[in-house]
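The values are calculated or read from the model by the stated rules, or taken from the named source; none is laboratory data. Worth saying up front: this structure is predicted, and the values here are computed from it rather than measured. Every residue, glycine among them, receives a Cβ derived from its backbone with ideal geometry; neighbour counts consider all protein chains shown.
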Amino acid sequence: MSESDSRGRPETDEEWREKLTEEEYRVLREQGTEARFSGEYVDHDEAGVYRCKGCGEVLFESETKYESSCGWPAFYAAEESAVDTREDHSHGMHRIEVVCANCESHLGHVFDDGPAPTGKRFCINSVALTFEDDE
């Protein structure tokens, strides 16, 4: 019997490993990052929504995506209550980690150098996302 919760997301480490590829698992569950400019959504500009690869929750709308030249998809806003932030002191740096509020998957980091109206830059790993177009 599966230990997935009522929303269908994996609960155990074994279930996460079955659901995700090795690279997705490394990023979403072990706080890894994909190589700069390697992700499929870096230059993506279609209309729609970006969902969490771990649980399918809507995280970002395409209207909030912008070109930041950081090497990862960048958004100036997240869906309200869709993401949580945590202090991250890994690699000898102080950053703010962004995680899915629903399944706690690591998504990336947020910085205070983004455009108006928020001034935020959500720097998100492509492998942490799926895209659903408006059609």
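Could you list, in sequence order, the residues of segment 112-135 that are surrounded by fewer than 20 Cβ atoms within 10 Å (Cβ to Cβ) and under 14 Å from the mean Cα position of the chain (by Cα)? Within segment 112-135, T130, F131 meet the criteria.
Could you tell me how many of the residues in segment 49-68 are crowded, with 17+ Cβ neighbours inside 10 Å and either part of a loop (DSSP other than H, G, I, E, B) or modelled with pLDDT under 95 (or both)? Qualifying residue count for the region: 5. When Y25 is tested against (1) part of a helix (DSSP H, G or I); (2) at positive phi, exactly one condition is not met: (2).
For S81, the criteria (1) in contact (Cβ under 8 Å) with a residue 60 or more places away in the chain; (2) exposed (fewer than 11 other Cβ atoms within 10 Å of the Cβ); (3) among the small types (G, A, S) hold in every case but one, which is (1). Remark: pairs (first residue in segment 35-63, under 29 Å from E18 (Cβ atoms); second residue of a type in the set (S, T, Y) and surrounded by fewer than 17 Cβ atoms within 10 Å (Cβ to Cβ); Cβ separation under 9 Å; 6+ apart in sequence or on different chains) = Y50/T130; R51/T130; C52/T130; K53/T130; G56/T130. Screening segment 84-111 for residues that are within 11 Å of the chain's Cα centre (by Cα) and small (G, A, S) and picking the one that is nearest to S69 (Cα to Cα) gives G108.
Applying the condition of being farther than 20 Å from G32 by Cα and hydroxyl-bearing (S, T, Y) to segment 70-103 and asking which residue is modelled with the highest pLDDT yields Y76.
One line per residue, one yes/no per condition, for (1) within 18 Å of E132 (Cβ to Cβ); (2) in contact with a Phe, Trp or Tyr (Cβ under 6 Å, 6 or more places away or on another chain):
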site: G56; (1), (2): yes, no
site: F60; (1), (2): yes, yes
site: T64; (1), (2): yes, yes
site: I96; (1), (2): no, no
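Within segment 76-120, the set of residues being of a type in the set (S, T, Y) and in contact with a strand residue (DSSP E or B) (Cβ under 9 Å, 6 or more places away or on another chain) comprises Y76, T85, S90, S105.
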